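Notes for the one structure printed next.
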């Protein structure tokens with residue numbers, strides 16, 4: 001049972017434009033969400049997080065939005081750069097309420113075209 | 001601070017053998033989690049250890065086991081390897097369950 005879903009396996013965006021990556025979850029106990037970026041042959045790298053008490057968190061070019069009622073979060077990258085080309089994973093946790101583990105989506109492969 | 005390290009980086013085994021993977025977390029991190037990544041399946045949670053105790057285990061057969069030592073270093077063992085165990089195995093450490101996890105580079109296991 002995939003509790004965190006990334007329904008778009010891939011996304012292509014022109015350099016300088018906005019990239020929007022989406023993530024849906026099913027478990028209402030999740031209250032902490034993260035985005036990771038992964039290059040081939042490397043482990044995922046933490047990008048940005050958001051807790052359920054917020055609906056937006058920004059860090060430079062990266063902004064994460066959380067819509068709790070829709071159980072949906074999104075990652076916006078503005079402006080997109082070729083170096084952003086990677087696989088992006090969203091992850092969610094509810095702490096002890098969800099077994100002290102993070103649940104990951106299957107990833108979205110972003111390609112930023114120069 | 002040094003990052004999460006995993007050894008070995010690459011491993012080739014044959015069916016029926018067993019394998020042990022090692023993970024050294026970031027200094028001060030007491031939580032270590034293991035994941036299996038296969039194409040199209042994302043990161044599948046194997047288990048999480050905190051202060052030498054396994055707090056949670058994912059939906060994997062008993063052939064997959066792990067342990068954590070007093071210095072927070074962790075090992076993962078897979079016995080009686082099957083072809084389907086070929087994957088990238090990732091270790092992640094964190095200070096706690098509401099802190100971001102930091103991943104190692106992974107161990108690429110190939111079972112022939």
Principal axes of chain B: Cα extent on each, largest first, Å | 37, 28, 25
The distance between the Cα centres of the stretch B:58-99 and the stretch A:35-101, in whole Å, is 23
Mean shadow area (nm²) of the C-alpha convex hull around the stretch A:8-72 is 5.5
Find, to one decimal place in angstroms, the Kirkwood hydrodynamic radius of the stretch B:33-94, where the mean of 1/r is taken over every pair of different Cα atoms and then inverted.
-> 12.1
Once both labels are modelled 7 Å past Cα along the beta-carbon direction, what's the residue B:86-residue A:45 spacing in nm?
-> 2.9
Radius ratio Rg over Rh of the stretch A:1-109, counting only Cα atoms, Kirkwood formula for Rh = 0.95
Efficiency of FRET from Cβ geometry, residue B:71 and residue A:72, R₀ 45 Å, rounded to 0.05 = 0.65
Can you pull the Rg over Rh of the protein assembly as shown, Cα-only, Kirkwood?
-> 0.97
What order do you get for B:103, B:69 when you list them from fewest to most C-beta neighbours inside 10 Å?
-> B:69, B:103
So how do A:47, B:46 line up by other beta-carbon neighbours within 10 Å, fewest first?
-> A:47, B:46
Hey, fewest Cβ within 10 Å first, where do A:62, B:47 land in order?
-> A:62, B:47
Debye log10 I(q)/I(0) for the stretch B:1-65, one point scatterer per Cα, at q = 0.15, 0.19, 0.28 Å⁻¹ | -0.59, -0.94, -1.39
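Readers should treat all values here as calculations from the given coordinates under stated rules, not as data from a laboratory. Everything numeric in this text was worked out from a predicted model, so none of it was measured. We place every Cβ from the backbone using ideal geometry, glycine too, and count neighbours over all the protein chains shown.
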